[in-house]
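Nothing in this text is a laboratory measurement; each read-out follows from the coordinates by a stated rule. The model shown is predicted, which means the values in this text are computed figures rather than measured ones. Positions of Cβ are generated from backbone atoms using ideal geometry, with glycine treated the same way; all protein chains shown enter the neighbour counts.
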Amino acid sequence: MINKLGLFLLLFISCDLIAGVDVVDFSDESLRPRYQQLIQELRCPKCQNQNLADSNSPISVDLRNQVQRLLEEGKTNDQIKTYLSSRYSDFILYRPQVKQNTWALWAAPIVLLLVGLLILVRIFQRQKTTAVVAEPVSSKDQQRLRELLKKSNGEPNK
């Protein structure tokens, strides 16, 4: 009979075997940091909001293999991104290049910020112009106010 410690060790070892790690072998270990950077920057076409490093979809596995192959061929990061975006569109890039068809994507945050600032300035200007300036009350108006208050409180006029 297996004791609890033995059962725990058996379970621990089997979990480690089940959780497979995608090990990538490179001819030159200096390629590994570039590979890691690229798979972090490239988006999975199927998952849409996951990068290639986080996705386990079959197309992500294929794309990781392609990135490895292109690195082994001596391609630069820009060449790899250009190759993949030509095949899968600019959607595959988390940070698309500034081009004619992506300028709105890059300009939108700046435009929205400027519009928001303009709205704030207009609101503050309106508040300044509509602010009521308190003028001093004349003695004649003060006397009249006292009389009206006495009438509303039911006091007789003096």
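General remarks:
- Spatially proximal lysines relative to Lys46 (Cα-Cα < 28 Å; intrachain offsets below 8 disregarded): Lys75, Lys81, Lys99
- Divide the volume of the convex hull around the Cα atoms of segment 23-158 by the residue count and you get 246 Å³ per residue.
- Each label point was placed 7 Å from the Cα along the Cα-to-Cβ direction; for Ser138 and Val98 their separation is 6.5 nm.
- Charge dipole of segment 103-153 about the Cα centre (unit charges at C-beta), most positive-ward option of Trp106, Leu148, Val137: Leu148
- Within the same chain, lysines fewer than 8 places from Lys150 are excluded, and of the rest, those with a Cα less than 21 Å from its Cα are Lys140, Lys158.
- For segment 103-153, dividing the convex hull volume of the Cα atoms by the residue count gives 93 Å³ per residue.
- Length released on extending from Ser27 to Arg146, taking residue separation times 0.36 nm less the Cα-Cα span: 33.1 nm
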